[in-house]
1. Just to verify a result, which residue in the stretch 175-191, among those that are modelled with pLDDT under 70 and not in a loop (DSSP other than H, G, I, E, B), is surrounded by the fewest Cβ atoms within 10 Å (Cβ to Cβ)?
2. Could you look through the stretch 375-397, keep only residues that are surrounded by 15 or more Cβ atoms within 10 Å (Cβ to Cβ) and more than 25 Å from LYS409 (Cβ to Cβ), and pick out the one that is modelled with the lowest pLDDT?
3. Which residue pairs have Cβ atoms closer than 7 Å, lie 6 or more positions apart in sequence or on different chains, and pair a first residue in the stretch 207-220 that is closer than 13 Å to ILE146 by Cα with a second residue that is of a type outside the set (A, V, I, L, M) and open to solvent by less than 70 Å² (accessible area, probe 1.4 Å)?
4. Here is a list: SER7, SER103, SER107, SER18. Which entry is part of a helix (DSSP H, G or I), surrounded by fewer than 21 Cβ atoms within 10 Å (Cβ to Cβ) and polar (S, T, N, Q)?
5. I need every pair where a residue in the stretch 270-295 that is within 23 Å of CYS333 (Cβ to Cβ) has its Cβ under 8 Å from the Cβ of a residue that is exposed (fewer than 13 other Cβ atoms within 10 Å of the Cβ) and at pLDDT 75 or above, sequence separation at least 6 or different chains.
6. With the structure loaded, tell me whether PHE332 is open to solvent by less than 20 Å² (accessible area, probe 1.4 Å), closer than 20 Å to ARG424 by Cα and without any contact (Cβ under 8 Å) to a residue 40 or more places away in the chain or whether it fails that test.
7. Restricting to the stretch 359-371, name every residue that is open to solvent by 50 Å² or more (accessible area, probe 1.4 Å) and of a type outside the set (D, E, K, R).
8. Could you tell me whether VAL369 is part of a strand (DSSP E or B) and touching a Phe, Trp or Tyr at 6+ places or on another chain (Cβ under 9 Å)?
Amino acid sequence: MTFFVYSLLINLPLWILSLLLVLAPVKNRMRFSRPRTYGIALGAVTLACILSALWDQFIELDGNIIMLPILLFFFFVYCRIVRGKMAQKAFILLTGAVFAAFSVLLSDVISQAFFRDLGDWPDYLWGIASDILVFLVLLPLFSGRIRWMAEQNDDARVWRTLWVIPFVFLALSIAFYITVGNIGDPFLLTTYGVSVALLIVLLIVIYNSIFRTVQEISENACLRQNMQLADLQAEQYASLRRHMAETAQARHDFRHQLLVIRSLADRESTEELRRYLDQYVEGLSADRPPLASNYAVDAVAKHYLERAEKADVKIDFSLRLPERLGLPEGEFCMVFANLLENALEACQRMPDGPRFISVDAEQAGNFLVVVVENSFDESTIRHQGCRLLSSKRGGRGLGLSSVAATTEKYHGELRLSQENGVFRAEAALCLPREESAI
C-alpha cells in the first residue's frame, strides 16, 4: 500500500464523520437543501483529504503544517453553507476539530502500544473502529446540547468568547500529536497516554461548564423577556379594569341621562336636546378599540400608545397580524417592543420639529414583518462604516442587538436605514415549518 493511499484511507473516514458532527447542530440553518449542502461539504472534505495525502507523499515536511490551511478552507466552506454568526460557526467547527484531533491522538497512543508491530492493516482497522466509536459517542452531544446552544443563544458576545476555548485545545492537541510520534519508551508512552486522557477529561469538564453557563444565560434572558411581557400585560390589564369601572359608572349614569333626554323630547325642545347630546358625546371617554388581533401584541402596542401620547409623540399603528402568530409570542413581542422603545426614545431626544412614529406589521407569506419609522435628531446617530451605532453606548444598542439576534434565530433579517430625518427599522422573522404559537 502506497503512503498516499494509506493517508487517504486513514483520513477520509475521520473527516467525513467529523463533517457529520459539525453539521448536526446546524441542520435547521443550512443555506441550501440538505442534499446539496452535504454534497458541497463532502466534496470539500474529499478535496482536502486528497491534498493532504499528496502533501504526505511528496513533501518532506511535518504533515501537521497543512492542517491550518485545510482548517481555514473548511471554515470558509462551512460559512458559505451555514447561516449564523461567524464566531458561533467557529466554535462549532473548532469543537468538531478538537474532538477529532483528540480521538486521533488517543488512537495513536493505543496504536503504538498494541499495534506497532502488526503491520498497516490492523493499525488501519483499529483507526477506523476508533473513529466510528468516537462518532457514535459524540453524535448525541452535537445533535443535542451543541445544537440547543446554537438555536437558543444568539448573543454575539457569548460566542466571541467561547470560540477561543476549542482553539486553545486544538493547538494543544497538535502539540501533543507532534510529540507522540517520537515516543518509543513504554513507560513514557503510558505516561503520555494518561496525560492525554486527563486532558480529555479536562476538556469534557470545561465543555460541561460551558453548557451550564450558556443555559443559565438563556434562561435568564427568557425570564427577563417574560417579565417584561408580563409587565406590559399587567399594565394593559389595569387599563382594562379602569375602562370596565368607567363603563359600569357610565351605565349607572346613563339611566339618568335618558330621563333628561326624554324630558327634552317631551317638551319638543329640539335645539336644547341637540346641545345636550353634543355635550354628552364630548364628555364620553371612549374605550380604545383593539390595535391588533393578537392580545400580547395589542398589549404592547397600547402600552407604547399611552407612553407616546404622554410624551406628545404622534404614533400610528397598522397591525395586520393573525391572532395566532405562528412563533413564540414572547420573542416576537420583544422584537416589537424593542423597535418601539428605540423609536420613542429617539423622538423624545428631539429638541424641536415634528415627532412621530409609524408602525406597520403584517404576515407576508411565511414571514412576520415589522416596519417602524420615526423622526429623530440626525446628530444623535453615529456611524461605523455602514453600521449605525447607539447614541447611548459604544457599538450597536442592546435593544437592536437583541432584535438582530432574534431575527437571525428565525432565519430573518434586521435592516436599518435613515434618510431625511426619518429612521427606518425593518425586522422580518421566518415562521417555523411547524407553526405553533405559544
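1. Going through the qualifying residues, I end up with THR179.
2. Going through the stretch 375-397, the residues surrounded by 15 or more Cβ atoms within 10 Å (Cβ to Cβ) turn out to be 375-377, 381, 388-391, 396-397.
Okay, now just the ones that are also more than 25 Å from LYS409 (Cβ to Cβ), so 375-377, 381, 391.
Details: SER375: 92, PHE376: 89, ASP377: 83, ILE381: 62, SER391: 50.
The extreme case among them is SER391.
3. Partner pairs satisfying both residue conditions: VAL214/ASN153.
4. On the way: SER103 fails: surrounded by fewer than 21 Cβ atoms within 10 Å (Cβ to Cβ); SER107 fails: surrounded by fewer than 21 Cβ atoms within 10 Å (Cβ to Cβ); SER18 fails: surrounded by fewer than 21 Cβ atoms within 10 Å (Cβ to Cβ).
Being part of a helix (DSSP H, G or I), surrounded by fewer than 21 Cβ atoms within 10 Å (Cβ to Cβ) and polar (S, T, N, Q) holds for just one of SER7, SER103, SER107, SER18, which is SER7.
5. Here the result reads SER293/GLU323; ASN294/GLU323, each pair linking the stretch 270-295 to a residue that is exposed (fewer than 13 other Cβ atoms within 10 Å of the Cβ) and at pLDDT 75 or above.
6. Numbers: open to solvent by less than 20 Å² (accessible area, probe 1.4 Å): yes; closer than 20 Å to ARG424 by Cα: yes; without any contact (Cβ under 8 Å) to a residue 40 or more places away in the chain: no.
For PHE332, the condition - open to solvent by less than 20 Å² (accessible area, probe 1.4 Å), closer than 20 Å to ARG424 by Cα and without any contact (Cβ under 8 Å) to a residue 40 or more places away in the chain - is not met.
7. If the condition is that a residue be open to solvent by 50 Å² or more (accessible area, probe 1.4 Å) and of a type outside the set (D, E, K, R), then GLN363, GLY365, ASN366, PHE367 are the ones that fit.
8. Numbers: part of a strand (DSSP E or B): yes; touching a Phe, Trp or Tyr at 6+ places or on another chain (Cβ under 9 Å): no.
Here the answer is no, as VAL369 does not meet what is asked.
The values are calculated or read from the model by the stated rules, or taken from the named source; none is laboratory data. Because the structure is a prediction, the values reported are computed rather than measured. Positions of Cβ are generated from backbone atoms using ideal geometry, with glycine treated the same way; all protein chains shown enter the neighbour counts. Each accessible area value is taken on the protein alone, full model and side chains, heavy atoms only, with ligands, DNA and RNA left out. Shrake-Rupley method; radii C 1.70, N 1.55, O 1.52, S 1.80 Å.
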